[in-house]
Amino acid sequence: MEEMNDLKKRTARLSVLSNTLLVILKFTVGVYSGAVSIVSEAAHSGVDLVAALIAFYAVRKSGKPPDEQHAYGHGKVENLSGVIEAILIILAALWIIYEAVHKFYKTEAPVFLEYGILVMLVSIVVNWYVSNRLLKVAKATCSQALEADALHLRSDIWSSLGVLGGLAVIRISGYMWLDPAIAIIVAIVVFRAGYTMTKKSLYELTDVSLPEEEEAIIRRILSAHPESIDFHQLRTRRSGSRRLIDVHLILYKDMPIDKAHTVCDQIEAEIEAELAPCDITIHIEPCGYYADIGACPLSEENK
């Protein structure tokens, strides 16, 4: 677990460093060339930098062990950071639209477009590499904070492509109206990504159950164990990268306590092997009469 937390922190730190570099480059070139689109891209990257700092804080905080006030750990910090970052994505999209609308009424062309085109290419390459790294680690560690940060950078790639296309068109044809038009299309794509991320983060903050395919894995493991008669009241949710699972397990009523404990350990280990990291609580019930079981069966050794 400690190795996983270290990986998350290193990856979040990479995002902070790359965004800091891009903000400085875009702002410097935007002011030097007089290109409003590049300055707005610097502002967009500034939002990405704030998001990266939030993700870095979230993965550090969520990796702390449980304490007296947070018995289930600090995983919800990642879910909360996902909401904040998703809102920032939406705000970035609205900013792009605002700048694009204003550019429709501007007639002066920016100068030194070659520098702007170059910095947009650098931005695309850097964000493509870092976002791929973030998504890979987010998938491996189930980190919503890193996933949200990756979506931020993906939105920056789209907006950078839009600005790059607009600058290239202006450079070749002089059709300035195409620049804001492309920016608005890009903003719609960015807005959709932010909306999707907001919905997903809010679902997990309200303790929505795990996806059906993950619950199916848990049910399969519970049903397949030879000592398991049945189970009920399966409840699942997410807290950051951790899956919280609790269930009532029905075992033979004549089973010794130490053996029942071993059965639970085996089931927890099998679930952990497929859905780690998990926090699993199993409540044991002796087999009595249940409507879906009928009379309580005897164990093989007592038949």
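Where a number appears in this text, it was derived from the coordinates with a stated rule and is not lab data. None of these values were measured; they are calculated from a predicted model. Neighbour counts run over all protein chains shown; Cβ positions are idealised from the backbone, glycine included.
With a Förster radius of 35 Å applied to the C-beta separation of Glu114 and Thr20, the computed FRET efficiency comes to 0.90. Only Cα sites of the chain enter the Debye sum here, all with the same form factor; the resulting log10 I(q)/I(0) across q = 0.08, 0.11 1/Å is -0.48, -0.72, listed in q order.
Among beta bridges from DSSP that stay inside the chain, the antiparallel ones total about 50%.
If amide hydrogens are placed 1.01 Å from N in the peptide plane, which non-local residues have theirs closer than 5 Å to the one on Phe231? Amide H neighbours of Phe231, under 5 Å, 5+ apart: Ile250. Placing +1 on each Lys and Arg Cβ and -1 on each Asp and Glu Cβ, with no other charges, gives segment 2-205 a dipole about its Cα centre of roughly 220 debye. Among the helices of the chain, those built from whole DSSP H runs whose Cα atoms reach 20 Å or more along their own axis and whose mean Kyte-Doolittle hydropathy is at least -1.0 are 2-33, 36-62, 76-103, 113-141, 144-172, 178-205, 257-275.
Taking Lys200, Lys139, Lys253 in turn, the Gaussian network model of the chain (Cα-Cα springs below 10 Å) assigns the largest fluctuation to Lys253.
Mind sorting Tyr105, Tyr115 by how few other Cβ atoms lie within 10 Å of their own Cβ, fewest first? Show your work: numbers first, answer last.
Details: Tyr105 7, Tyr115 19.
Final ranking by Cβ density, sparse to dense: Tyr105, Tyr115.
Highest-first packing order for the peptide set 142-151, 242-251, 258-267 is 142-151, 242-251, 258-267, based on the mean count of other beta carbon atoms within 10 Å. Among the listed pairs Lys136/Lys200; Lys103/Lys200; Lys9/Lys199; Lys103/Lys199, those whose Cα-Cα separation exceeds 29 Å are Lys103/Lys200; Lys103/Lys199. Other residues with beta-carbon under 14 Å from the beta-carbon of Arg235 carry, at +1 per Lys or Arg and -1 per Asp or Glu, a net charge of -1.
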